[in-house]
Amino acid sequence: MASDNIAAARDAALRDRPWLYAEYLVGDTDDLPQVADLVRAHELNGLVAAGALGLGHISAGSFHRLWSAFAADAWFAVSVHEDLVEPGASDFGDYLAEFERCGWGEIVVRERFRHRLTMAGHPIHYVAIVARKAGSPAG
């Protein structure tokens, strides 16, 4: 299953690899009530969000509501701009600070990496985060 806010991304994926996704939704997950049911129906156990957190993309609240649809022991892997990952820097930085403290799960990898270079050759760094959901339902 995949989701994007841009219909052209879905159209390109379905054109180039029509066999790849059982479902491909367009829109904010908060505006797609079927997402939680699809997560359960397909028994998904992993959530990947590459560079989509913060910077006007997926909010921490929307991410948490989506993550809440996943069963215990599921995994997520996300990348977040380094300026947004610390508490107080963004809603997702605050969310990560709460993640383990509130018992929602365990962050097992947190690693800074060079995402790309600007046209001027300056590096842009992100932080890769991999976490496992707690063994009991998260709230």
Completion exercise
Filtering the range 65-74 for residues that are surrounded by fewer than 18 Cβ atoms within 10 Å (Cβ to Cβ) and in contact (Cβ under 8 Å) with a residue 40 or more places away in the chain leaves a count of 4
Handout entry: Complete set of residues in the range 108-139 that are surrounded by fewer than 14 Cβ atoms within 10 Å (Cβ to Cβ) and either under 16 Å from the mean Cα position of the chain (by Cα) or in a strand (DSSP E or B) (or both)
Key = 108, 109, 110, 111, 112, 113, 114, 116, 117, 123, 124, 125
Completion exercise
Checking 8, 13, 60, 77 in turn, the sole residue that is free of Cβ contacts under 8 Å to residues at least 12 places away in the same chain, in contact with a strand residue (DSSP E or B) (Cβ under 8 Å, 6 or more places away or on another chain) and within 24 Å of residue 115 (Cβ to Cβ) turns out to be 13
Problem - Qualifying positions in the range 53-86 - in contact with an Asp or Glu (Cβ under 6 Å, 6 or more places away or on another chain) and in a strand (DSSP E or B) - result: none
Problem - Filter result for residue 30 (of a type in the set (Asp, Glu), surrounded by fewer than 16 Cβ atoms within 10 Å (Cβ to Cβ), free of Cβ contacts under 8 Å to residues at least 24 places away in the same chain and in a helix (DSSP H, G or I)) - result: no
Exercise for the section: State which residue pairs qualify: first residue under 11 Å from residue 79 (Cβ atoms) and free of Cβ contacts under 8 Å to residues at least 12 places away in the same chain and inside the range 103-125, second residue hydrophobic (A, V, I, L, M, F, W, C) and surrounded by 10 or more Cβ atoms within 10 Å (Cβ to Cβ) in any location, beta carbons under 7 Å apart, and separation of 6 or more residues or different chains. Expected result: none
Practice task
Return yes or no: is residue 52 surrounded by 12 or more Cβ atoms within 10 Å (Cβ to Cβ) and modelled with pLDDT under 90?
Solution key: yes
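The values are calculated or read from the model by the stated rules, or taken from the named source; none is laboratory data. This structure is a prediction, so every number in the text was calculated from the model and none was measured. A quick note on method: Cβ atoms are made from the backbone with ideal geometry, for glycine too, and the neighbour counts reach across all protein chains shown.
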